[in-house]
Amino acid sequence: MYENNYSDNTYHYGEPVKKQEEPHNKKKGSGNGKKIALGICCGLLFGIFAGIGFEAVTTASSLAKNAVTKETTAQPEIQSTVPEAADSDSTPDTADTSVSIAESQSLGTAVADGTVLTTTTDVTEVVKKVMPSVVSVNNKYIETTSFFGQQYNSEGEASGSGIIVGQNDSELLIATNNHVVESAEELTVQFADGSQSQAQIKGTDADKDLAVIAVQLSDISSDTMSSISIATLGDSNALTVGEPVIAIGNALGYGQSVTTGVVSALNRAIASDGSQNVQTGTDTEVNTFIQTDAAINPGNSGGALLNIHGEVIGINSNKIGGSTVEGMGYAIPISDAKPIIENLMTKQTRLKVNEDSKGYLGITGIDVVAEYSEIYGMPQGVYVSSVTEGTGAAQAGLVKGDIITGLNGEEIKSMEELKNELSYYAAGTTVELTIMQGSPTGYQAKTVQVTLGGVPTQQQ
């Protein structure tokens, strides 16, 4: 008979079936204990392996870090001259703005073999400071040429630059190159504000190619005086090759312009005629110059070569090298030029006299150029080809064959230089001539006093 016992969900067919009892030796809950033990063992094993793995990773990371550190220290260290950013709570009013011109012009440095390399990329502050002390110089001159024994005069103009180096009670003093103002009939200076004034030669040194010109303070307006400044002269002996430099000058006569470069070489020996093939044992004047790759073009002569502090460390000269070279400019070291400039500044300013009042010697002459001087053994100067009777030259005893080499202490090497010197003396003035007279034993130096005449002729 079918019976369904719902008490334990066990089905019995026929007769009741007894429920099987668990063995008495099996403790209740023993299965849960095994599970707990197994979990503990697994945890211990996981911890052990995790610890081993963590240690391995830590060791590997340490080794990698050491390797990177060694590689980094082996490379050159990069430093920056850009100031560190201010704290977020700082204000512009409290920030330190006292940065020197040199620092403000340098954007980034790198260290190579322990030496700091600085790149100058912005020279605006230097230019702003120095431009008011640089001027343009315009020279109107008379050029004399000879053709079949006849001399012809023609007017010419030349442009150059100058540097304001001082001021006395009545004059503003400007340094430039001698060849910029040579043979000048009229000199004009243009200042940074565009105004112009007449200038006169105060003193020259032809061998060193230096000159000082003067502008009367009475010819300069108060507005111009407030817009110009006197340049600061530096120390060219402290220069190093590769140091950044800046050139300012009246390039091509277009007005002031700026070029930059570096010091390419120091103490370049160059002859006074511009030749770089200097030979020993000759009488050629040899000077030393700063060489730079900053562009020095016609019109830059007499302008300033500056360091990054805005100090004049050289006086540019386009006469050296000229158009025959590229990427090579030259400047007279300011440490060499300074004592000469200071001496020229003390000389009395000479004013040219009017044409109607100009004095004359009373001779005709021919240039004894360096080539003829070497070939014939004659002193370089002006060969007297004839002397007009009744003139100052005749009364002083000058004769055909004499060679004029100086006038009042100024060296004379050509007829053009003689005319230029005479333009400062009026008729009736007595001047001292240095002449070389021939003799059986060679040329002998002699000085004579000549009173200049007032009758304009084709002679001098």
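The values are calculated or read from the model by the stated rules, or taken from the named source; none is laboratory data. Just so you know, these numbers come straight off a predicted model, no measurement behind them. Don't worry about glycine lacking a Cβ; one is built from the backbone with ideal geometry, like all the others, and counts go over all protein chains shown. SASA here: full protein model, heavy atoms, side chains in, ligands and nucleic acids out. Shrake-Rupley method; radii C 1.70, N 1.55, O 1.52, S 1.80 Å.
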(1) surrounded by fewer than 19 Cβ atoms within 10 Å (Cβ to Cβ); (2) of a type in the set (Val, Ile, Thr); (3) modelled with pLDDT of 90 or more all hold for ILE363 apart from (1)
Yes or no: LYS400 open to solvent by 50 Å² or more (accessible area, probe 1.4 Å), of a type outside the set (Ser, Thr, Tyr), in a loop (DSSP other than H, G, I, E, B) and within 21 Å of HIS179 (Cβ to Cβ)? no
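Might you let me know whether the range 370-378 holds any residue that is in a loop (DSSP other than H, G, I, E, B) and more than 37 Å from the chain's Cα centre (by Cα)? Working first, answer last.
So in the range 370-378, the residues in a loop (DSSP other than H, G, I, E, B) come out as 377-378.
Going one step further and asking which of them are more than 37 Å from the chain's Cα centre (by Cα), we end up with 377-378.
Yes, the range 370-378 contains at least one residue that is in a loop (DSSP other than H, G, I, E, B) and more than 37 Å from the chain's Cα centre (by Cα).
May I ask you to list the residues in the range 176-186 that are part of a strand (DSSP E or B) and open to solvent by less than 50 Å² (accessible area, probe 1.4 Å)? Full working, then the answer.
We begin by selecting, within the range 176-186, every residue part of a strand (DSSP E or B); these are 176, 184-186.
Passing the criteria: THR176, ALA184.
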Taking the range 406-425 and the residues there that are at pLDDT 90 or above and open to solvent by 30 Å² or more (accessible area, probe 1.4 Å), the one that is farthest from LYS352 (Cα to Cα) would be ASN408
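Would you confirm whether or not the range 323-341 contains a residue that is among the polar types (S, T, N, Q), in contact with a Gly (Cβ under 8 Å, 6 or more places away or on another chain), free of Cβ contacts under 8 Å to residues at least 24 places away in the same chain and under 29 Å from MET415 (Cβ atoms)? Don't jump to the end; show me each part of the working.
Pass one, the range 323-341, residues among the polar types (S, T, N, Q): 323-324, 335.
Filter again for in contact with a Gly (Cβ under 8 Å, 6 or more places away or on another chain), leaving none.
No, the range 323-341 contains no residue that is among the polar types (S, T, N, Q), in contact with a Gly (Cβ under 8 Å, 6 or more places away or on another chain), free of Cβ contacts under 8 Å to residues at least 24 places away in the same chain and under 29 Å from MET415 (Cβ atoms).
Please go through the range 172-195 and pick out each residue that is free of Cβ contacts under 8 Å to residues at least 40 places away in the same chain and farther than 16 Å from GLU411 by Cα.
Of the range 172-195, the ones free of Cβ contacts under 8 Å to residues at least 40 places away in the same chain are 178, 193-195.
Of everything in the range 172-195, those that are free of Cβ contacts under 8 Å to residues at least 40 places away in the same chain and farther than 16 Å from GLU411 by Cα turn out to be ASP193, GLY194, SER195.
Tell me, which residue of the range 345-355 that is farther than 15 Å from LYS419 by Cα and open to solvent by 30 Å² or more (accessible area, probe 1.4 Å) is modelled with the lowest pLDDT?
We begin by selecting, within the range 345-355, every residue farther than 15 Å from LYS419 by Cα; these are 345-349.
Among the residues that remain, those that are also open to solvent by 30 Å² or more (accessible area, probe 1.4 Å) are: 345-348.
Numbers: MET345: 96, THR346: 94, LYS347: 91, GLN348: 86.
Going through the qualifying residues, I end up with GLN348.
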Which numbered condition SER159 misses (of (1) open to solvent by less than 60 Å² (accessible area, probe 1.4 Å); (2) more than 19 Å from SER301 (Cα to Cα); (3) part of a strand (DSSP E or B)): (2)
State whether one or more residues within the range 359-368 are without any contact (Cβ under 8 Å) to a residue 24 or more places away in the chain and not basic (Lys, Arg). no
Can you tell me how many residues within the range 259-294 are part of a loop (DSSP other than H, G, I, E, B), open to solvent by 40 Å² or more (accessible area, probe 1.4 Å) and at pLDDT 90 or above? 1
